[in-house]
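Below is one structure; the comments refer to it alone.
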Amino acid sequence: MVSIIGPSGSGKTTLIRTLNGLEALDQGEVTLCGKPFLRGAREPGGPLGNKVHMQGIVQVGMVFQGFNLFPHKTVLENVMLAPHHHGHADSAELRQLSLALLNKVGMLEHAGKYPHQLSGGQQQRVAIARALAMRPAVMLFDEPTSALDPELVGDVLAVIEELAKEGMTMVIVTHEMNFAFRLSDRVVFMEAGRIVQAGPPRELLEQRSERMGRFLKDVQLA
Amino acid sequence: MHFDWHYALGLLWNADFWRAVGTVVELSLETWLLGIVLGFLVALARQSSRRYLRDAAALYIWFFRSLPLLVLLIFVYNLPQVFPGTSALLSNPYSAGLIAMVLSETAYIAEIHRGGLLAIAKGQLEAGKALGIGYRGVQWLIVIPQALRVALPTLANEYITIVKLTSLVSVISLSEILLVGQQLYTQNFLVMETMLAVAFYYVFIVTVFSYLLRRLENHLDVTRRQPRPVPVGELPAVVSRRSGASAGQGAFALQVRGARKHYGQLEVLKGIDLDVR
């Protein structure tokens, strides 16, 4: 698990959105499991085609700050929608897989509800199950708890923590410093569009730069 | 004043009128449904990233909204005078009327759909894209159901407009409600009595369909839906996939090299390298 931290406007969200192509890169490239996935528009040869993008994007799950559940579908239908569209398995099998994922995020009893009948934290857990239903190789989290009130943050973080312990590859943009430093393999500190410092949490804290010290000064790290 | 109530009431059982009601319902429903489908395509073209599609859609909407329906009706109906090949289709007042009305309504309904499409949050499209669903899938599964729900009150309103516009098709001799009435009063000169019956039939159609469309609206309103219990059964175990297994030991799941990005003048990413195992 890699956490990306840094002040607002430092490019964290833009970076994570370029990792699955929601924002197009100008320059540079992204490889996914060793295969070319995305390439900047100004690179020689231009961006890779839509086909390469579509083949790769199913391997990358994304969880948004604003949940973005489909309001006209039930919780279960939200989770089943994408694997069903891609024809991963027959409906009965997908239904059981989706219910199992909802169970994993603690939302099984709400499977028949619509998103507007759920709290923010519950919606975000459904969004995590929806992304997991595609069996992604990598999960991206774009400030998954920033739109939640503090009481609900814990439930969502607990789900992410469980995934981290299972060894799921994850990139998470977050303002939850305790969470980031406790669970990440690597923490990346960004400012003004650059990576200022990166490394394992303990190392990073010991060698923190003056700028990062200022960023973390009000945070009580457990 | 003389008003023949007996005659006016008798017209409510007139078989010609009820046949005309059937014609009006059929013509208006077909216009409405075809207009909704074609209008959606025009609305999508209007938002397309391809310039020629955008321009073509804008041109279509501009032209057919500017043209009075009456003019279009007469024009379409008389087209066989110039192109005799079209006479098989267009000499029939029903099909000529349907074509003219669909041409005109598609332009209006395209603008209604545009309103519905604008109401869909951008995040919905992004969520679909992030799940690897292509353009058509996103439209069909995510955008259309939501946009239609948003546009439905306005579309229902447009249906009522269409019902009343069908009276114009009388000028090309389709025996709809108004023409049946006119044929009656040119024989017996009971204009007021006949037109009262004509008015009744239009009000009747609009009342029935307003009620049905309101029912449809409520049916599609997810905020009114009650959660249903979902039978669970036996659940399989799910463990996250480790990407290391598919990429081989020591490989990176995700690797970024020299990522740069500008928004206009502002450089938001200034060369990022990132490896995620």
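The values are calculated or read from the model by the stated rules, or taken from the named source; none is laboratory data. Fair warning: this is a prediction, and the values are worked out from it, not measured in the lab. Reconstructed Cβ throughout: ideal geometry from the backbone, glycine too, with neighbour counts over all protein chains shown. With ligands, DNA and RNA removed, areas are computed over all heavy atoms of the protein, side chains included. Shrake-Rupley method; radii C 1.70, N 1.55, O 1.52, S 1.80 Å.
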For the pair A and B, the solvent-accessible area buried on both sides (1.4 Å probe; DNA, RNA and ligands excluded), in Å² to the nearest hundred, is 5700
Would you tell me the accessible area of A:His116, worked out with a 1.4 angstrom probe on the heavy atoms of the protein chains, in Å² to the nearest 10?
90
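Are any of the pairs A:Lys51/B:Lys261; A:Lys12/A:Lys113; A:Lys113/B:Lys164; A:Lys12/A:Lys35; A:Lys104/B:Lys270 more than 30 Å apart by Cα-Cα distance, and if so, which?
On the way: A:Lys51/B:Lys261 22 Å; A:Lys12/A:Lys113 33 Å; A:Lys113/B:Lys164 41 Å; A:Lys12/A:Lys35 24 Å; A:Lys104/B:Lys270 39 Å.
Going by Cα-Cα distance, A:Lys12/A:Lys113; A:Lys113/B:Lys164; A:Lys104/B:Lys270 fall outside the 30 Å limit.
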When all protein chains stay in place, what accessible area (Å², nearest 10, 1.4 Å probe) is found for A:Glu210?
130
Between beta-carbons, use under 14 Å as the cut-off and find the net charge around B:Ile99, counting Lys and Arg +1, Asp and Glu -1.
-2
Need one word for chain A: rounded, prolate or oblate. Basis is the Cα gyration tensor (sqrt eigenvalues a ≥ b ≥ c); a/c below 1.5 gives rounded, then a/b vs b/c decides.
oblate
Heavy-atom accessible area per residue, the stretch B:111-237, 1.4 Å probe: how many Å²?
53
Using the alpha carbon gyration tensor of the stretch B:143-199, what are the three equivalent-ellipsoid semi-axes (square root of 5 times each eigenvalue), largest first, in whole Å?
35, 12, 5
TM-like helix rule applied to chain B (DSSP H, alpha carbon span at least 15 Å on the long axis, mean Kyte-Doolittle at least 1.0) gives B:15-46, B:191-220
Across the stretch A:81-94, in residue order, what do the Karplus-derived ³J(HN,Hα) couplings come to in whole Hz, using 6.51 cos²θ - 1.76 cosθ + 1.60 with θ = phi - 60° and x for Gly and Pro?
3, 5, x, 5, 4, 7, x, 5, 6, 6, 4, 4, 5, 5
Given a 1.4 Å probe and every protein chain left where it sits, what share in percent of the accessible area of the protein assembly as shown is carbon and sulfur?
58
Using the Cα atoms of chain B, I'd like the radius of gyration and the largest Cα-Cα distance, Dmax, both in angstrom.
28.0, 100
Shape call for the stretch A:101-168, from the Cα gyration tensor axes a ≥ b ≥ c (a/c under 1.5 means rounded, otherwise prolate when a/b beats b/c, else oblate), comes out oblate
Please report how far the C-alpha centroid of the stretch A:36-108 lies from that of the stretch B:193-232, rounded to the nearest whole angstrom.
37
Ignore the peptide's own chain and count Cβ atoms of other chains within 10 Å of each Cβ in B:1-11; give me the average, rounded.
0
Rounded, prolate or oblate for the stretch B:1-108? Axes are the square roots of the Cα gyration tensor eigenvalues, ordered a ≥ b ≥ c, and the cut-off for rounded is a/c under 1.5.
prolate
Stokes-Einstein D for the stretch A:1-90 at 4 °C, 1.567 mPa s, Kirkwood Rh over Cα pairs, in µm²/s?
85
Could you rank B:Tyr202, B:Tyr135 by how accessible they are, 1.4 Å probe, largest area first?
B:Tyr135, B:Tyr202
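Peptides A:51-58, A:14-21, A:183-190: what's the order by average Cβ count within 10 Å, highest mean first?
By packing density, highest mean first, the sequence is A:14-21, A:183-190, A:51-58.
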Once ligands and nucleic acids are excluded and a 1.4 Å probe is used, how much of B:Phe75 is accessible, expressed in Å² to the nearest 10?
130
For B:Lys122, give me every one of the aspartates and glutamates with a C-alpha distance below 15 angstrom, ignoring sequence neighbours fewer than eight places off in its own chain.
A:Glu23
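Got the relative contact order for the stretch A:1-105 handy, in percent, Cα pairs under 8 Å and 6 or more residues apart?
Dividing the mean separation by the residue count of the stretch A:1-105 yields 12 percent.
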Roughly how crowded by other chains is peptide A:68-75, in terms of the mean Cβ count from those chains within 10 Å of each of its Cβ atoms?
6
